[in-house]
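Asker: Take this structure first; my questions come after.
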Protein chains: 4
Amino acid sequence: MKVSIVGITGYSGLELVKLLNNHKNVEIASIHATKEIGRRLSDLYPYLSGVCDLEIEAFDAESIMDKSDLVFFATPSGVASQLTKAFVEADFPVIDISGDHRLPAEIYKKWYKKTPASEEILNKFTYSLAEFSDIQGKKFISNPGCYATATELALAPLVKAKIIDLDSIIVDAKSGLTGAGKALSESSHFVNVHDNYVTYKLNKHQHIPEIVQELKEFDNNLDHIQFSTSLLPVNRGIMATCYVKLKEPLSESEIEKIYQDAYANKPFVRIQKDLPELHNVIGSNFTDIGFDYNQTTNVLTVIAVIDNLVKGAAGQAVQNLNLMMGWPEDLGFTKTPSYL
Amino acid sequence: MKVSIVGITGYSGLELVKLLNNHKNVEIASIHATKEIGRRLSDLYPYLSGVCDLEIEAFDAESIMDKSDLVFFATPSGVASQLTKAFVEADFPVIDISGDHRLPAEIYKKWYKKTPASEEILNKFTYSLAEFSDIQGKKFISNPGCYATATELALAPLVKAKIIDLDSIIVDAKSGLTGAGKALSESSHFVNVHDNYVTYKLNKHQHIPEIVQELKEFDNNLDHIQFSTSLLPVNRGIMATCYVKLKEPLSESEIEKIYQDAYANKPFVRIQKDLPELHNVIGSNFTDIGFDYNQTTNVLTVIAVIDNLVKGAAGQAVQNLNLMMGWPEDLGFTKTPSYL
Amino acid sequence: MKVSIVGITGYSGLELVKLLNNHKNVEIASIHATKEIGRRLSDLYPYLSGVCDLEIEAFDAESIMDKSDLVFFATPSGVASQLTKAFVEADFPVIDISGDHRLPAEIYKKWYKKTPASEEILNKFTYSLAEFSDIQGKKFISNPGCYATATELALAPLVKAKIIDLDSIIVDAKSGLTGAGKALSESSHFVNVHDNYVTYKLNKHQHIPEIVQELKEFDNNLDHIQFSTSLLPVNRGIMATCYVKLKEPLSESEIEKIYQDAYANKPFVRIQKDLPELHNVIGSNFTDIGFDYNQTTNVLTVIAVIDNLVKGAAGQAVQNLNLMMGWPEDLGFTKTPSYL
Amino acid sequence: MKVSIVGITGYSGLELVKLLNNHKNVEIASIHATKEIGRRLSDLYPYLSGVCDLEIEAFDAESIMDKSDLVFFATPSGVASQLTKAFVEADFPVIDISGDHRLPAEIYKKWYKKTPASEEILNKFTYSLAEFSDIQGKKFISNPGCYATATELALAPLVKAKIIDLDSIIVDAKSGLTGAGKALSESSHFVNVHDNYVTYKLNKHQHIPEIVQELKEFDNNLDHIQFSTSLLPVNRGIMATCYVKLKEPLSESEIEKIYQDAYANKPFVRIQKDLPELHNVIGSNFTDIGFDYNQTTNVLTVIAVIDNLVKGAAGQAVQNLNLMMGWPEDLGFTKTPSYL
């Protein structure tokens, strides 16, 4: 199978190269960006010397459809929404890693402050949190956001089991800097990040409506979550620390059973006895989940960790590709985290 | 005024040296530890060459009382509790930076798993969160813990104003590694901390009873808080992110007024318009507090940041010294944070 | 092919697990350590949950030879020297990643301050810097040190080409903390490493005699090198910055040709147009080499970067395994660096 | 004494604020920048709330001369050269922290690629490496560069003593990111710096001619040095590792005497028994120097460390101010390094 990648110079695009190079069913046919057209990817990124020496091409939907069987969009928000129409009309498969096909047009506009795709196009796309979706044979996939992936995987089993006070959900999520993208800004300057810890977009992060929308699938009474996002001085990794009040006290084993049942046969979710730390999933597509229940306060703390560029972006996109194609969910993945 | 420092080789002891070197009313008369007796401090810590060349002495209460007018304990928990009796009996002033004189004996034993000081000794000590205490002329001061300082300063005004649901308090606190002390352990090995983020002692941190005890002073109905502690891959700094539900919605200016009133004339607390980041207080005795109220969820997020070694330990101890002596609260402090 | 790993809980042992899990010709039959016998590796290292759930066994040469076809030693120095005799006598293949079989007994004793293996055993071992060795069919392989690998690959082509003043070689090498091993010490405590840069073992590093010995293979007139080692506040990666004076000025293209010729058909060495940075090889078995010649000073600066745990330890050990077996040199390697 | 600072929003300008706030003889009368005119410095930098609440003003030479007694330039290169004329003509004291008045016009143009000040203006300025200059009563001071300060202080005693082979000098210098300034660029993006180590401007760094020019003062036969500069993933600190061959072997005590004599009565240079590490000087104006002589290679390694923003910029500027005024050299300095 041949694929094209649009947005090759972003972190997700580069991570796709790494993952797909290792996937025996897939070959990268072309790579696209708006800058550096005609240059070899490995000239821009010497770490890819001898690994991916393709030349960067300008975006051209026709040419992509000629060369490939599927296109990944790994573009900043506001780009894919303007470019997927040609593919949808041609019934040509698309996996969009960006946020452009996750939300209804009005909500997208409000939170992203960009022009949305048409409702018609948006309706063709399926939001696929891989552990909870059924997309075999589907053609247009919207890949979840990084914070959203960690948070939804932590909370969905609890919401589904209807054991928590829906008004009590508070998520304190932290991300490494690759989650903030490659754009140059004061907030990504080394000196401002190193030895610092900064909470940003409090109550304004664009993944909030996506998380509410997805959790609502499991209990329609859920209307809002309290969600904070902070930047950790690391490159990769997200931890979503979720605090919820239980309707009734539960034992540790009852809670564990809810998670074990929810993720039985899911190769990329691991329920941990201890609270998971960031290191444990770096470089892998795993989501590690652990929890602790405090009888004194009736608060259940659930912690989920992912690698934001893998499970939170390119890895889940490949997992979704596998699911679309009916291949084993973990085909092509080197499962061992790089850890350190 | 002459002072002695017991526990000189810990982070708080070394920070005291830095602060007291700059304090015109104070001279360090002797420094004490259990190891490296007879060696010059600057031989062990070359950054102090020409700055503090005192020799380390073994602990000896009599000798300290001969040479000095006050003793600081900057020892690990379980040490000061065994050593303060001689000073108390001689009515010789003590400031204990460790946790050994903060809690009643039974509670101390439960959370610290160490032998407590006697109730008689404990009753002589005053817990002094500097912004809320009145200790002029007092002789035995128990200095607050680092996490406790940030959390109490963030929450006390709200608890006192009786505007929050006391059952709703959730604190997600993060600390740099100096907060975990100098002991060698897997959890302080560079490789295990760098690029990682680890939540530890969830619901078990020994500062929990101290925070509850102090906040109870402001509303006796408060019985518990949900409190989590994590290690940030930085050396210094604590951020306490506090989530509370309001009894009734309030405007931003009403909330700000509560804080401004609580900390009027307090030189080391700064109420910020934006959420404070760690950098802003590093190297200083400031506590910066900011907040954001979410009308959708009715959650008020309050963030307090401190330098754990300064306001969270040695700095507040010097501030308490100033208050004991009736000197200006900020005497001897270089107020500008080192920032970067 | 079945293999055993002795020293599983060290960084090199764990990295071997990662690499061999991905190697289709190899299966890990047993893992050994001196501690935590009977525990599952994934219980100690949750990042390996579902990836390597083998139980740790005590070392037992007989049992290893029953279960496996080859044994890797990934032990601290001073261990393998005491344990390889049984395997050598049984003609059972060994790859020793530690420094125990790299040097003659007297030199080993002087630099490592440990008891050496017997000269008889040492003579059976071949030191294999993979790009310059011919070990197909050999049974006892001594894997190069991490600093030594980077330095030798940077300098060997120049020494071999006899274009440099041998008395002029100065190497300023820097390593991430995993290079210093897992032992707890002041020098590996997070607070002492973070935001710091420390030069250690100047003129005393045990890789010095190994480098001299190997470079001497290319020009017997070489007797010494000036070599400094420092700790970078990162987990992985070594940069060896080498300064040499040329006998006669050379053009950039003449120098490049020397390197291109030396490493033609070597899949894991990449000659770069620009100076290589640490990121470019992290997570891979690549050695990236770049250089710059200063006509004013007649100094040629050559920079080589490797991932100390991969090319500097476990990766080169797998590469050596491939060479011993006559398999393709890069069999089983995911070639794309993790980069970030 | 009243002073103005031009270039207040750069790292050196901000560091000046910190240092001068603590200097009893000096008051900051005005602060200047090209952006954010009219805003309070503490609104832009909340860490300065209550510490420096001055408003930023546009540059205006007349106004500065009205309000102040001396002006500091802490501007990027290419700015001060265009602005100092008015002050020089009015005989109004200037300390320029930038590189604009360190080199003859032609050399400046070649290395900085900017328009130089006129030779007439340049001739009025004295380059003041504080430990070797005599500037009491001088009016126009050019403050040394950060790399240059560390390198010159390490090498000047050796060059002066005429004990080294001048053709053998190789300096491998490393700096934290504040040394690279605040401009946004790929090379200062957090993700590209963190966990990385990058050598840049090899043989092209603009401090090279400044170092050669200053060392030539001590031995006119010195014509060049080999000098490399790399970025450490830390905010502050420079280590200059200098390698030189001795003309004749010397004992450790002979070498130490050369340094002790050179820096007798210099309060900010500390000769260390062990090799100095970065931590030891952070937050202070100290230069720590240590060395090690290798008899086998005849290479003397000298390591100097400084805080690039203090001794390498704002601190040395204040030291130079003290010297100009005939005040004690260390007036206004809190001497204890922040260390961690």
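The values are calculated or read from the model by the stated rules, or taken from the named source; none is laboratory data. If you're wondering where the values come from, they're calculated on a predicted model, not measured in any experiment. Ideal geometry is used to build each Cβ from the backbone, glycine not excepted, and the neighbour counts take in all protein chains shown. Areas reflect the complete protein model, heavy atoms only, side chains present, ligands, DNA and RNA absent. Shrake-Rupley method; radii C 1.70, N 1.55, O 1.52, S 1.80 Å.
Asker: What does the copy distance list look like for A:LYS266, label position 7 Å along Cα→Cβ, in nm and ordered from shortest?
Answerer: Here A:LYS266 shows inter-copy label distances of 4.4, 4.7, 6.4 nm.
Asker: Filter the trypsin sites (Lys or Arg not before Pro) in segment B:149-224 down to the DSSP loop ones having no more than 15 other Cβ atoms within 10 Å, then list what survives.
Answerer: Passing sites in segment B:149-224 are B:LYS162, B:LYS201, B:LYS204.
Asker: Any idea of the total accessible area buried by the C-A contact, 1.4 Å probe, rounded to 100 Å²?
Answerer: Working: alone 15120 and 15120 Å², together 27800 Å².
Rounded to the nearest hundred, the buried surface is 2400 Å².
Asker: At 1.4 Å probe size, what's the solvent-accessible area of C:SER253? Round to the nearest 10 Å².
Answerer: The value for C:SER253 is about 80 Å².
Asker: Nothing charged except the Cβ atoms of Lys and Arg (+1) and of Asp and Glu (-1): what's the magnitude of the dipole of segment A:32-95 about its Cα centre? Round to the nearest 20 debye.
Answerer: Working: 5 positive and 11 negative charges, 54 e Å.
In total the dipole reaches around 260 debye.
Asker: Okay, next question. Using only the Cα atoms of segment C:132-211, build the gyration tensor, take square roots of its eigenvalues as a ≥ b ≥ c, and label the shape rounded, prolate or oblate: rounded if a/c is under 1.5, else prolate if a/b is larger than b/c, else oblate. Intermediate values should be presented prior to the final figure.
Answerer: Numbers: a/c = 3.00, a/b = 1.47, b/c = 2.04.
Because a/c hits 1.5 or more and a/b fails to exceed b/c, segment C:132-211 counts as oblate.
Asker: Sticking with this structure for a sec: Quick one: net charge of D:LEU300's neighbours, Cβ under 13 Å, K/R +1, D/E -1? Please list the in-between numbers first.
Answerer: On the way: positive: D:LYS245, D:LYS247; negative: D:ASP165, D:GLU248, D:GLU252, D:GLU254, D:GLU256, D:ASP292.
In short, -4.
Asker: Going by the rotation axis that takes chain B to chain A, pick out the residue of B with the closest C-beta and quote the gap in whole Å.
Answerer: So the closest residue, with its distance, comes out as B:ASP172, 2.
Asker: What net charge do the residues around B:GLY99 carry, taking every other residue with its C-beta under 10 Å from that of B:GLY99, with Lys and Arg at +1 and Asp and Glu at -1?
Answerer: On the way: positive: B:ARG102, B:LYS114; negative: B:ASP96, B:ASP100, B:GLU210.
That sum, taken over residues with Cβ under 10 Å, equals -1.
Asker: Taking the Cα atoms only, what angle lies between the long axis of helix B:146-160 and the longest principal axis of chain B, rounded to 10 degrees?
Answerer: Approximately 40 degrees, to the nearest ten.
Asker: Take every Cα pair under 8 Å in segment D:193-278 that's 6+ residues apart, average their separations, divide by the length, and report that relative contact order as a whole percent.
Answerer: Relative contact order of segment D:193-278: 30 percent.
Asker: Moving on to the next point. For a bin width of 5 Å, list the pair-distance distribution of segment A:2-124 built from all Cα-Cα distances, rounded to whole %.
Answerer: Percent of Cα pairs in each bin: 2, 11, 22, 23, 18, 13, 7, 4, 1, 0.
Asker: Long-range amide H contacts for D:GLY283: which residues qualify at under 5 Å (H placed 1.01 Å from N, peptide plane, sequence gap of 5 or more or a different chain)?
Answerer: Amide H to amide H, under 5 Å and 5 or more residues apart or across chains, D:GLY283 pairs with D:SER338.
Asker: Summarise the partner chain shielding of A:212-220 as one whole number: the mean count of Cβ atoms from other chains within 10 Å of each residue's Cβ.
Answerer: Values: counts 1, 0, 0, 0, 0, 0, 0, 0, 0.
Shielding by partners across A:212-220 averages 0.
Asker: Only four residue types carry charge here, +1 at the Cβ of Lys and Arg and -1 at the Cβ of Asp and Glu. Report the dipole size of the protein assembly as shown about the Cα centre in Debye, rounded to the nearest 20.
Answerer: Values: 128 positive and 172 negative charges, 1 e Å.
That gives the protein assembly as shown a dipole magnitude of about 0 debye.
Asker: Here is a further query. Taking Cα atoms, how many degrees apart are the long axis of helix C:315-325 and the longest axis of chain C, rounded to 10 and kept between 0 and 90?
Answerer: 80
Asker: Treat every Asp and Glu Cβ in chain A as -1 and every Lys and Arg Cβ as +1, leave all other atoms uncharged, and give the resulting dipole magnitude about the Cα centre to the nearest 20 debye. Don't jump to the answer; show the numbers that get you there.
Answerer: Numbers: 32 positive and 43 negative charges, 73 e Å.
Result for chain A is approximately 340 debye, rounded to the nearest 20.
Asker: In segment C:146-308, if the dipole is taken from +1 on Lys/Arg beta carbons and -1 on Asp/Glu beta carbons about the Cα centre, which of C:ALA150, C:LEU202, C:SER187 is farthest to the positive end?
Answerer: The residue sitting farthest along the positive end of the dipole is C:SER187.
Asker: What percentage of the solvent-accessible surface of the protein assembly as shown, computed with a 1.4 Å probe over protein heavy atoms, is contributed by carbon and sulfur atoms? Show your work: numbers first, answer last.
Answerer: On the way: 21680 of 45900 Å².
The value for the protein assembly as shown is 47 percent carbon and sulfur by accessible area.
Asker: Where only protein heavy atoms count, and the probe is 1.4 Å, what is the accessible area per residue for the protein assembly as shown in Å²? It would help to have the intermediate numbers written out before the result.
Answerer: Working: 45900 Å² over 1360 residues.
With all protein chains present, the protein assembly as shown gives 34 Å² per residue.
Asker: Just list whichever of D:LYS67/D:LYS138; D:LYS85/D:LYS201; C:LYS162/C:LYS335 have alpha carbons separated by over 23 Å in the model shown. Let's see the in-between values first.
Answerer: Working: D:LYS67/D:LYS138 20 Å; D:LYS85/D:LYS201 31 Å; C:LYS162/C:LYS335 33 Å.
Violating the 23 Å limit, Cα to Cα: D:LYS85/D:LYS201; C:LYS162/C:LYS335.
Asker: Calculated from DSSP H runs of 4 or more alone, at -39500 (n - 2.57) each and per residue, what is the 222 nm mean residue ellipticity of chain B, nearest 500? Write down the numbers at each step before the final one.
Answerer: Working: 12 runs with 95 residues, N = 340.
Taking each H run of at least 4 residues, the total per residue is -7500 deg cm²/dmol.
Asker: Please report the antiparallel percentage of the DSSP beta bridges confined to segment C:2-124, to the nearest 5.
Answerer: Values: 1 of 15 bridges.
Looking only at bridges with both residues in segment C:2-124, the antiparallel portion is about 5 percent.
Asker: Then there's this: Longest span of chain C, sites excluded, free of GluC sites (Glu not before Pro) in DSSP loop with at most 15 other C-beta atoms within 10 Å? Display every interim value, and only then the final one.
Answerer: Numbers: sites that count: C:GLU36, C:GLU217.
It works out to C:37-216.
Asker: Using only atoms on other chains, find how many Cβ atoms lie within 10 Å of each Cβ of peptide B:161-169 and report the average.
Answerer: Numbers: counts 0, 0, 0, 0, 0, 0, 4, 5, 2.
Per residue, the number of nearby Cβ atoms from other chains is 1 on average.
Asker: With contacts defined as alpha carbon pairs under 8 Å and 6 or more residues apart, what's the relative contact order of chain C in percent?
Answerer: Numbers: 727 pairs, mean separation 60.5, N = 340.
That works out to 18 percent.
Asker: Which distances in nm, rounded to one decimal and ordered from shortest, link the label point of C:GLU248 to the equivalent label points in the other identical copies, with labels set 7 Å from Cα toward Cβ?
Answerer: Distances between equivalent label points, in nm: 3.6, 9.2, 9.4.
Asker: Could I ask something else about it? Report the net charge of residues surrounding C:VAL88, where surrounding means a beta-carbon distance below 14 angstrom and charges are Lys +1, Arg +1, Asp -1, Glu -1. Could the numbers behind the result be given before it?
Answerer: Values: positive: C:LYS85, C:LYS124, C:LYS138, C:LYS139; negative: C:GLU89, C:ASP91, C:ASP96, C:ASP100, C:GLU119, C:GLU120.
For residues surrounding C:VAL88, the net value is -2.
Asker: If you don't mind, another one. Using only atoms on other chains, find how many Cβ atoms lie within 10 Å of each Cβ of peptide B:42-48 and report the average.
Answerer: On the way: counts 1, 2, 0, 4, 13, 16, 5.
The mean count of partner-chain Cβ atoms within 10 Å per residue comes to 6.
Asker: Given label points at 7 Å from Cα along Cα→Cβ, what nm distances, shortest first, separate A:ILE107 from the same residue in every other copy?
Answerer: 4.5, 6.6, 6.9
Asker: Under a plain spin-label model, where a point goes 7 Å from the Cα along Cα-to-Cβ, how far apart in nm are A:SER185 and B:LYS257?
Answerer: It is 3.5 nm.
Asker: What share of the DSSP beta bridges in segment D:146-308 is antiparallel, in percent to the nearest 5? It would help to have the intermediate numbers written out before the result.
Answerer: Numbers: 25 of 34 bridges.
So the antiparallel bridges amount to about 75 percent of the total.
Asker: Let me check the size of segment C:146-308 from its C-alpha atoms; what are the radius of gyration and Dmax in Å?
Answerer: Final numbers for Rg and Dmax: 15.7, 48 Å.
Asker: Just the number, please: percent antiparallel of the DSSP beta bridges in the protein assembly as shown, rounded to the nearest 5.
Answerer: Numbers: 106 of 218 bridges.
Of those bridges, close to 50 percent are antiparallel.
Asker: May I ask you to work out the translational diffusion coefficient for the protein assembly as shown at 37 °C, viscosity 0.692 mPa s, via Stokes-Einstein with Rh from the Kirkwood sum over Cα pairs, reported in whole µm²/s?
Answerer: Numbers: Rh = 33.1 Å.
Rounded to a whole number, D works out at 99 µm²/s.
Asker: Between B:SER133 and B:LYS273, what length comes free when the chain is fully extended (0.36 nm per residue of separation minus the Cα-Cα distance, one decimal in nm)? Before the final figure, lay out each step's value.
Answerer: Values: separation 140, 0.36 × 140 = 50.40 nm, distance 2.62 nm.
Stretched fully, the B:SER133-B:LYS273 segment lengthens by 47.8 nm.
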